[in-house]
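Visitor: Here it is: the structure, laid out below.
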Amino acid sequence: MSGARNIDLWSFWIKEKVSCRDDHEAVGDTCVKCTVGTEYNNVTRTCDDCPIGSYRDNTNTGTVCEPYDCPHGKELKSDGQCVKCEIGTYRKKDVEPVCTPCPRDRTTQGTGSEKETDCSLVKCPAGQYRVGQSPGTCHDCPAGSYRNLTMENCTWCGDLANWRTECDGKTSVNHCKFYCPAGFHIGSDGESCEGCPQDTYKPAKDYYSNACTPCPTERPHTLSANSTAESDCRIGLC
């Protein structure tokens, strides 16, 4: 009986306080080895992220991160990989520990820039794209496309037919809406087109309409369905 009681007490103590060896931290009642990109903290007895400018990968033999300086245009990740600076940032070896953002209104031509003078292009706000170089000018994305700040160019609403934005300068795919061409209106499901019945019409400008417009009373008829303009309406059918 005493043996079973001792086991219960041990289990209780393990759950309350786990003592792990170096390079391991307590996660619940289990000791887990510090992973790539972390080092063991003797004070807190936890695995902490490598400081900027140091790394730890599977080849490190110790329990701490090792310093390393990546080439120009790259920054060191905690797993030991040197990664190119993203568009709009730059880094000079021995000067900046990480990639530095360009001034607010400027950006770079591509990734891996090495110095601030590479920030030579105008940085366009979301919903606009750059035309030209040194520094270029910003223009609204055309209707049917959008651009957020992570995109280099405007992106069309997609390969799917019948999706577009209502106007120029949109910033998100959420601005893309289903539309129908002239002579058709949006169906009840919101994602299909139905032809305008005879004696009604729908012009191209009414992209997002879910109904067609009846002909005026003085000219109540169209020759056929799918009419596209009020001028298709006439007095009689002959």
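Every read-out reported here was derived from the displayed coordinates using simple, explicitly stated rules and does not represent laboratory data. What you see is a predicted model; the values in this text were computed from it and never measured.
Visitor: Long-range amide H contacts for Asp168: which residues qualify at under 5 Å (H placed 1.01 Å from N, peptide plane, sequence gap of 5 or more or a different chain)?
Guide: Ala143
Visitor: Counting only Cα atoms, I'd like the Rg/Rh figure for the chain, Kirkwood definition for Rh.
Guide: Radius of gyration relative to Kirkwood radius: 1.32.
Visitor: When you take every Cα atom in region 125-173, what is the radius of gyration, and what is Dmax, the widest Cα pair distance, in Å?
Guide: Both quantities, over Cα of region 125-173: 10.9, 37 Å.
Visitor: Over all directions, the average projected area of the alpha-carbon convex hull for region 70-123 comes to how many nm²?
Guide: Dividing the Cα hull surface by four gives the mean projection, 3.3 nm².
Visitor: Helix 2-16: angle to the longest alpha-carbon principal axis of the chain, degrees 0 to 90, nearest 10?
Guide: The helix 2-16 is inclined about 60 degrees to the chain.
Visitor: Here's a follow-up. Taking θ as phi - 60°, what are the ³J(HN,Hα) couplings along region 211-227 by the Karplus curve (6.51, -1.76, 1.60), each to the nearest whole Hz, with x for Gly and Pro?
Guide: 8, 9, 8, x, 5, x, 4, 7, 9, x, 10, 10, 6, 7, 6, 6, 6
Visitor: Let me ask something else about it. Among the DSSP beta bridges whose two residues both lie in region 70-123, what percent are antiparallel, rounded to the nearest 5?
Guide: Within region 70-123, antiparallel bridges account for around 90 percent of the total.
Visitor: Identify which of Cys124, Cys31, Cys167 has the largest mean-square fluctuation in a Gaussian network model of the chain, with springs joining Cα atoms closer than 10 Å.
Guide: Looking only at Cys124, Cys31, Cys167, the biggest GNM fluctuation is shown by Cys31.
Visitor: Moving on. Using the Karplus curve 6.51 cos²θ - 1.76 cosθ + 1.60 with θ = phi - 60°, work out ³J(HN,Hα) for each residue of region 119-127 in order, rounded to whole Hz, and write x for Gly and Pro.
Guide: Running phi through 6.51 cos²θ - 1.76 cosθ + 1.60 with θ = phi - 60° gives 7, 9, 10, 5, 9, 7, x, 4, x Hz.
Visitor: If you don't mind, another one. Return the subset of Lys93/Lys170; Lys93/Lys123; Lys123/Lys177; Lys77/Lys123; Lys84/Lys123 for which the Cα-Cα distance in this structure is over 30 Å, preserving the input order.
Guide: Beyond 30 Å between Cα atoms: Lys93/Lys170.
Visitor: Also, I was wondering about something else. Given Cα pairs under 8 Å that are at least 6 residues apart, what percent is the relative contact order of the chain?
Guide: 8
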